[in-house]
Structure formats: structure tokens, C-alpha cells
Amino acid sequence: MAVRHSPCVDDALTKPMGELGCAPDSPIGESTLETAPGTDSHVPGCGCRACPDADLGYARRPVTVLNDPLELIDPPANSVVIGTGKGGVGKSTIAAHLAGASAAEGRRTLLICLTSQDDDDLGIKRYGRGIHPAGPPVINGQGLYRSVYDRTPLLPVREVRPNLDVVPGGETVGELIQLLMHRMMTEGAGVALSLARSLAPIAGWYDQIVIDSAPENDSLEQLAVAAARVLVVPTRSDDSSIQGMERISRNFKMVRRQVNPHLRVGGAFLYASNPTATSMHAEVKEDIRAVLGSTTPILSTVVGYREKPARNSRKKGLLFSEYAELLPMSAKGYDVAAGRAKVADVVPDAIVGLADDMRALTTEIFEHCRKATG
């Protein structure tokens, strides 16, 4: 595993994670850093059931204390975190579709759901999809919590879709907050690298890594951005969503300055809006750049707001494109009227446009990620 050393952070004993290094700074889109090549390679004996060299005797990492040099971990080259400072803007849905699109293109992909919300866009919990690792359960964030707590490699649910492995989130992820605050008393700013350390031993197996970050919590958001190379920021058009980006901006600057200098902004974009409201979109772009910086790239794709097909696809644990494939076999309104089908059996025609929008968005996100790291 590639590591680098940095001086200790003396004030870490007295400041919570959300305040470390948060002095006023240039907005996150204002400056760039040189790209460092390479990614962490496979570490034999990582203990993951998927590993051909699995070794159940894998030792926990030694504990770092404040007077030790801080080991900085180079994030995987093809890693992106979807982050924003407010919930309800479509972050988890976008992360699931981004990972699904990567896997559908034949790339080995890992999705890490670092959120305490019980988002199950891929049907892992509700429909039992994927090959679960042997041992204690990993759903509801339990596996993610244990890996960080025990300082051991992540154990993903394998083949949730072809080429797609997932580290599920859930309510247990919220318990990480207290653990991180406790450890920061001895580890300082390095505690933000807790996820990066558990990811590093398996990162080399994947062509693409997507991290869904937790909104409205500095500690968890810092874990996510510390483990990735590119940040992409979705938002809605309302003022609270725009203002919520101030949190991700603050955490971005802190993490980049102290533990992850490779971190870049891939871009920001408006999600779930009327595509024809172009004048309003222009206003939102100005609002985004006022918060994130005048040079922040703004993606052009706007996924339209179509609540019914989006809600139905999530309930079925399907990506929009997968749900759209059911349209030719779908029951019709007259089948419901005749008692031959239920309303839930009818696939709305609007799913086609929604799937097309999401496909265009994921393509543009990957293009911006390549530019950010190129």
C-alpha cells in the first residue's frame, strides 16, 4: 500500500472533525493540484472471501497516536464520491446508477454506501441480491462498521449486478460517528482516513470505485472524501440545497489540506428539475459557483423530475434502465380496471425519458472525472 508521511496536527485534540482546518479558504473550484499516478495495489492476505489469497488471520492495522507521523494514503485513481451537504437531493440514487453504468460497461466496480439511510436502490436487502460474504451479516451498514472498527478490509456483497460489488450502508453506519470522535482524541486528523485504510487492500481489484457519502454529518462526509480522488456534487434548486453545499465545500477543503491532497472537484449539477426551465437553471448555476467557486465545472445534463417512475423503480430495487426494460411486458390501465393487475404492475411510460436522462448524466459525470484527474 502506498503511504506518505505528514506532520502531526497539534490542535486535533481540541477540535471535532468538522472543525479541523476549516479556516476560511478559497472556494473548492478555485485551485487545482497535480495528479499523482498510481493506486493502492492488492495486499495479500486481506481476509476478504473474494480474494484468491484470503487469509483469515489478517492482522488489524496498528493504532496511530498523535505523536506519530500521519500516514497519507493515495486514493484509487478511478474513485469518485457523490457528496453534498444536504439529504434528499438524489445523491444515493445517482451513486447507484453511476456504479451500475460502470459495471454494465464491463468494468469491475465497487459501490460503497457510507450513509445511515436505508437506501436500497439495488434491492440488496429487500430482495436478497448478491453473494453475501460468510460470517456475520453485512447489510444495514454492519459490515462497513466492523471493517472500520476492527481496522480490517471491507467485505462487499459480490455480484449484486454483473461486475458490481457493494458495501451496503444503513443505520449501523451512524454508530461510526461516536467511534470516530473517540479515536480522534488519539489519532487526530488521521481518523478521516479510516475508510481509506479499509478500502486500500481491495481497491486494486476494481476498475471503478463509487462512494455514496452521508449528508449532514461532517465526520462521515470527511471519511468519504478522504477515500476518493474526485468529488461530484448534486443539488436541487431550493435554497436549502444550495446552502447545504457549504458543508461539502468546508469538508473538501479540510480533507484536501490535511489528508488527501489528490482530491479534486469533478463538477456540480442540478438534479430532478424541469429541463425546460432554462432561466431558473442559469440562476442555480450562479448560486452553485457562489458557494463552490467561480471555476467549478457545471454539468449540462439535467435529469427531469418524474416522481412516479423513480419511486416505483426504487421500490422494486431496479435501476431506471432496468425498470424501463419491463415496459413492453407491463400491465396496462385497462388491466387494472378489469381486476387483472394492480396499479404497481403498470410501468409508467415516463420511465423511458428518466432512464435516458440518467444515462446521459452518468456519461457526463465520468467524462468530468477523467478531465479532473487527467
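The values are calculated or read from the model by the stated rules, or taken from the named source; none is laboratory data. Bear in mind that the values here come from a model prediction, so they are computed numbers and not experimental data. Counting neighbours? That spans all protein chains shown, and the Cβs are built from the backbone with ideal geometry, glycine included. Just the protein is used for accessible areas: all its heavy atoms, side chains included, with ligands, DNA and RNA removed. Shrake-Rupley method; radii C 1.70, N 1.55, O 1.52, S 1.80 Å.
Of note:
- Cα point-scatterer Debye curve for the range 131-244, base-10 log of I(q)/I(0) at q = 0.12, 0.15, 0.24 Å⁻¹: -0.46, -0.71, -1.50
- Rounded to whole Hz, the Karplus (6.51, -1.76, 1.60) HN-Hα couplings of the range 166-174, x for glycine and proline: 9, 9, x, x, x, 4, 5, 4, x
- Alpha carbon Rg of the range 253-307, scaled by the compact-globule rule 2.2 N^0.38 Å: 1.38
- Counting heavy atoms of the protein chains alone, His132 has an accessible area of about 70 Å² for a 1.4 Å probe.
- Alpha carbon convex hull of the range 224-329, volume per residue in cubic angstrom: 128 Å³
- Phi angles across the range 138-154 convert, under the Karplus curve 6.51 cos²θ - 1.76 cosθ + 1.60 with θ = phi - 60°, into 3J(HN,Hα) values of 10, 6, 6, x, 5, x, 5, 4, 4, 5, 6, 5, 7, 6, 10, x, 5 Hz, Gly and Pro given as x.
- The Cα atoms of the range 102-166 cover 34, 23, 22 Å along the three principal axes, with the biggest extent listed first.
- Divide the volume of the convex hull around the Cα atoms of the range 70-135 by the residue count and you get 162 Å³ per residue.
- For the set Tyr206, Tyr145, Tyr323, solvent exposure ranked by accessible area (probe 1.4 Å, protein chains only) runs largest to smallest as Tyr145, Tyr206, Tyr323.
- Convex hull (Cα only) mean projected area of the range 301-362, reported in nm² to one decimal: 4.1 nm²
- Heavy-atom accessible surface of Lys342, to the nearest 10 Å², is about 150 Å², with a 1.4 Å probe and all protein chains retained.
- Amide hydrogen neighbours beyond the local backbone of Gly204, cut-off 5 Å, H modeled: His42
- Dipole magnitude of the range 167-272 about its Cα centre (Cβ charges: Lys, Arg +1; Asp, Glu -1), debye to nearest 20: 520 debye
- Violating pairs (Cα-Cα greater than 19 angstrom) within the set Lys316/Lys342; Lys91/Lys342; Lys86/Lys315; Lys308/Lys332; Lys125/Lys316: Lys91/Lys342; Lys86/Lys315
- List Ser237, Ser279, ordered by accessible area with a 1.4 Å probe, largest first: Ser279, Ser237
- By average C-beta atoms within 10 angstrom, highest first, the peptides 211-219, 225-233: 225-233, 211-219
- Between Ala272 and Val303, the built amide H atoms are under 5 Å apart, and every one of these is 5 or more places off in sequence or on another chain.
- Fully extended contour minus Cα-Cα distance, from Lys342 to Asn274, at 0.36 nm per residue: 21.6 nm
- Mean projected area in nm² (Cα convex hull; one quarter of hull surface) for the range 233-280: 3.8 nm²
- For the range 191-302, carbon and sulfur atoms together expose 43% of the accessible surface, with a 1.4 angstrom probe and every protein chain in place.
- Applied to the range 175-184, the Karplus parametrisation 6.51 cos²θ - 1.76 cosθ + 1.60 on θ = phi - 60° returns per-residue 3J(HN,Hα) values of 6, 5, 4, 5, 4, 5, 5, 5, 5, 5 Hz, with x for Gly and Pro.
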